[in-house]
Amino acid sequence: MTAVRMRPLKDFAVPDGLVGGPLGARLGKRDFVPEGVPVVRGQNLAGGGYFSSAGLVYVPADRADGALARHLAVPGDLVLTQRGTLGQVGIVPAGIHDRYVLSPAQARIRVDPDRADIRFLYYCLLDPGMVALIRSRAVTTGVPHVTPDILGDLPVPARPLPEQRAVADVLGALDDKIAANERTAETCLELAGASFAAASLGPPQRLGQVAELHDGPHATPVKTASGPWFLSISSLDVGRLDLAASAHLSEEDFASWTRRVRPRAGDVLFSYETRLGHAALMPPGVRACLGRRMALLRAKTPAAGGALLLHAYLSPAFQDEIGRRTLHGTSVDRLPLGDMPGWPLLLPTEGERAGLSARLDALHASAAQTAAENRTLAALRDTLLPGLVSGRLRVGDAARAVGEAG
């Protein structure tokens, strides 16, 4: 097989198409306003898809089009992190906003469509070998960072456009399926939330009447590349568990770290320090231990199962209870776990409780199933990606593997 020739990334950009974000002194939190031109930050590139619009912040339009005009990105631009979490990349989406401002930690590349398929470059930049190369070239004084010049010199396979498109189509099919699953999961969780909000609530009950409370370990094990999951409070994503923010631990440590309690499917996981009020449902098929600052609630009866408990925990009434009873420390705020079983909890009336609990369990089970499928699809994409972009793997062989998975 003939080796694919490499060319610097800047060769695929239009003139002056590679631009870094403004200096930190020129754009910061003080400049953010409720409406205006959105700012692309690292969190918008970290969601596992082309782009996440969650958590967008804004700057006034006159400032974006004035002092920050040089640092704009438009739909179809590639955005890369140049400071902080290096290796993050995204594509500015079409149909939402006509322009975005780069945060100081991002850079953008405007691709010449006659030279490259933007999705092909996106996948080239996601290649673990490329991510390692970016990090190896970083300036490590202070926060690790790279300059636009360093990004522009990154070597990219110079494959003919039809081949680029074929590779992007195969990998894009997997990402499209992942995105569709994500929308299905979001719909399930929105329906669950709306169903609980519409229920008739009974008189308050003590939390300890309907659930057992278990505290997790108070230390952090050595993290490993694989093995059971060591959960993080960052994984508590508005009702569901996002394992992308968690780590792994060894089998030996797993036995020790689950001595107090081992999470089961249907348990309500929550944080009792720092991220107070956050909670998620433990999905089936996940071997995990609680992380630091985490505890769980285990339903005492199927009539008030885990999903029902979760929505009661996330309800405005219980969140207010958390706010009133939080202990404010000098370093972190925390919940008094010993007192929590006595806290009042509002549940649906007994007449509709069991039926609603079963419906919520079913909706969360559907969301968990799509999440499990997405982990499989993402693993397949990550396996195929290096071979496809480099030309070591034939597109036809990869397409067959994708077809069998889908």
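Amide H to amide H, with H built 1.01 Å from N, Ala158 comes under 5 Å of Arg5, Met6, Arg7, counting only residues 5 or more places away or on other chains.
Between Asp215 and Leu337, the simple spin-label model (points 7 angstrom out along Cα→Cβ) gives 0.5 nm.
If eta is 1.306 mPa s and T is 10 °C, what Stokes-Einstein diffusion coefficient results for the chain, Kirkwood Rh from Cα pairs, in µm²/s? The estimated diffusion coefficient comes to 67 µm²/s.
Hey, for a label at Ala245 modelled as a point 7 Å past Cα toward Cβ, could you say which residues of segment 312-330 have their backbone N under 17 Å away? Under 17 Å, as judged by backbone N against the label point of Ala245, lie 314 of segment 312-330.
Structural descriptor for the chain: relative contact order 16 percent, calculated from alpha carbon pairs under 8 angstrom and at least 6 residues apart. Which of the three applies to segment 65-190, rounded, prolate or oblate, going by the alpha-carbon gyration tensor with a ≥ b ≥ c and a/c under 1.5 meaning rounded? It comes out rounded by the Cα gyration axes.
The residues neighbouring Ala138, those whose beta-carbon lies less than 14 Å from its own, together hold a net charge of +1 under the Lys/Arg +1, Asp/Glu -1 convention. Average accessible surface for the chain: 47 Å² per residue, computed with a 1.4 Å probe over protein heavy atoms with every protein chain in place.
Normalising by residue count, segment 107-150 has a Cα convex hull of 81 Å³ per residue.
Multiplying the residue separation of Ala198 and Ala54 by 0.36 nm and removing their Cα-Cα distance gives an extension gain of 49.2 nm. Backbone phi angles across segment 64-79, fed through the Karplus curve with coefficients 6.51, -1.76 and 1.60 (θ = phi - 60°), yield HN-Hα couplings of 4, 8, x, 5, 9, 4, 5, 10, 8, 10, 10, x, x, 7, 7, 10 Hz in residue order; Gly and Pro are listed as x. Taken along its three principal axes, the alpha carbon spread of segment 306-406 comes to 61, 45, 20 Å, from the longest extent down to the shortest. Normalising by residue count, segment 267-334 has a Cα convex hull of 87 Å³ per residue. The accessible area of Thr383, taken with all protein chains in place and a 1.4 Å probe, comes to roughly 100 Å². What does the charge add up to near Asp176, with Lys and Arg as +1, Asp and Glu as -1, over the other residues with Cβ less than 12 Å from its Cβ? Taking every Cβ under 12 Å from that of Asp176, the sum is +1.
In order along segment 314-323, the Karplus-derived 3J(HN,Hα) couplings, from 6.51 cos²θ - 1.76 cosθ + 1.60 at θ = phi - 60°, round to 7, 5, x, 5, 6, 5, 5, 4, 4, x Hz, and Gly and Pro are given as x. Each label point was placed 7 Å from the Cα along the Cα-to-Cβ direction; for Arg375 and Arg26 their separation is 4.4 nm.
Roughly how many percent of the accessible protein surface of segment 316-401 is carbon and sulfur, given a 1.4 Å probe and a whole-percent answer? Ligands and nucleic acids excluded, carbon and sulfur reach 54 percent. Taking all protein chains as present, what is the carbon and sulfur share of the accessible area of segment 18-62, in % to the nearest whole number, probe 1.4 Å? The value for segment 18-62 is 56 percent carbon and sulfur by accessible area. Each residue of segment 125-131 was assigned a 3J(HN,Hα) from its phi angle through the Karplus curve 6.51 cos²θ - 1.76 cosθ + 1.60 (θ = phi - 60°); the sequence is 6, 7, 4, x, x, 5, 4 Hz, with glycine and proline shown as x.
If one computes the Cα centroid of segment 303-363 and of segment 69-100, what distance in Å separates the two points? Result: 39 Å between the Cα centres. Sparse packing (at most 14 other Cβ atoms within 10 Å of the Cβ) combined with a DSSP loop state is found for the following chymotrypsin sites (Phe, Trp or Tyr not before Pro) in segment 30-75: Phe32. To put it simply, the accessible area of segment 218-260 at a 1.4 Å probe is 52 percent carbon and sulfur.
Mean sequence separation of contacting Cα pairs (under 8 Å, at least six apart), scaled by the length of segment 86-152, corresponds to a relative contact order of 42 percent.
The values are calculated or read from the model by the stated rules, or taken from the named source; none is laboratory data. Worth saying up front: this structure is predicted, and the values here are computed from it rather than measured. Here Cβ is always computed from backbone atoms with ideal geometry, including for glycine, and neighbour counts include all displayed protein chains. In case anyone asks, the SASA skips ligands and DNA or RNA and just uses the protein heavy atoms, side chains included. Shrake-Rupley method; radii C 1.70, N 1.55, O 1.52, S 1.80 Å.
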